[in-house]
Amino acid sequence: MFSGKCKEHLEDVGETGLEHMIVALRVAVKLQLLVPALIIHSIAPRFFTTTASDVMKTILENRK
């Protein structure tokens with residue numbers, strides 16, 4: 001079902017295919033929810049000054 005490269009990647013991250021899908025979808029949802037904050041920040045920089053950076057740092061820290 002998975003190619004060799006897919007299997008290798010899953011082994012590297014220590015996840016099954018289902019676990020990897022769930023993690024990836026959670027990250028996608030978090031990033032998608034940042035879009036409105038980033039749009040508002042682009043128009044009025046005083047709002048959501050560190051929101052996107054904070055969320056992205058948290059996402060990366062949780063992947064270690």
### Query
Which of the residues spanning the stretch 15-42 are without any contact (Cβ under 8 Å) to a residue 12 or more places away in the chain and not hydrophobic (A, V, I, L, M, F, W, C)?
Glu15, Thr16, Glu19, His20, Arg26, Gln32, Pro36, His41, Ser42
### Task
Scan the stretch 42-55 for residues that are assigned to a helix (DSSP H, G or I) and open to solvent by 90 Å² or more (accessible area, probe 1.4 Å) and jot them down.
Ile43
## Note on the structure
Here the qualifying pairs (Cβ atoms under 8 Å; residues six or more apart or on different chains; first in the stretch 3-14 and outside any helix (DSSP H, G or I); second modelled with pLDDT of 90 or more and surrounded by 10 or more Cβ atoms within 10 Å (Cβ to Cβ)) come out as none
#### Entry: Filter pass, Ile39 being open to solvent by 60 Å² or more (accessible area, probe 1.4 Å), in a helix (DSSP H, G or I) and either of a type outside the set (S, T, N, Q) or out of contact with any strand residue (DSSP E or B) (no Cβ under 9 Å at 6 or more places or on another chain) (or both)
yes
### Summary
Of the candidates Ile22, Ile59, the one satisfying the condition of being at pLDDT below 95, β-branched (Val, Ile, Thr) and open to solvent by less than 90 Å² (accessible area, probe 1.4 Å) is Ile59
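The values are calculated or read from the model by the stated rules, or taken from the named source; none is laboratory data. As the structure is a prediction and not an experimental result, all values here were calculated from the model. Here Cβ is always computed from backbone atoms with ideal geometry, including for glycine, and neighbour counts include all displayed protein chains. When the accessible area is computed, the model is the full protein with side chains, heavy atoms only, and any ligands, DNA or RNA have been set aside. Shrake-Rupley method; radii C 1.70, N 1.55, O 1.52, S 1.80 Å.
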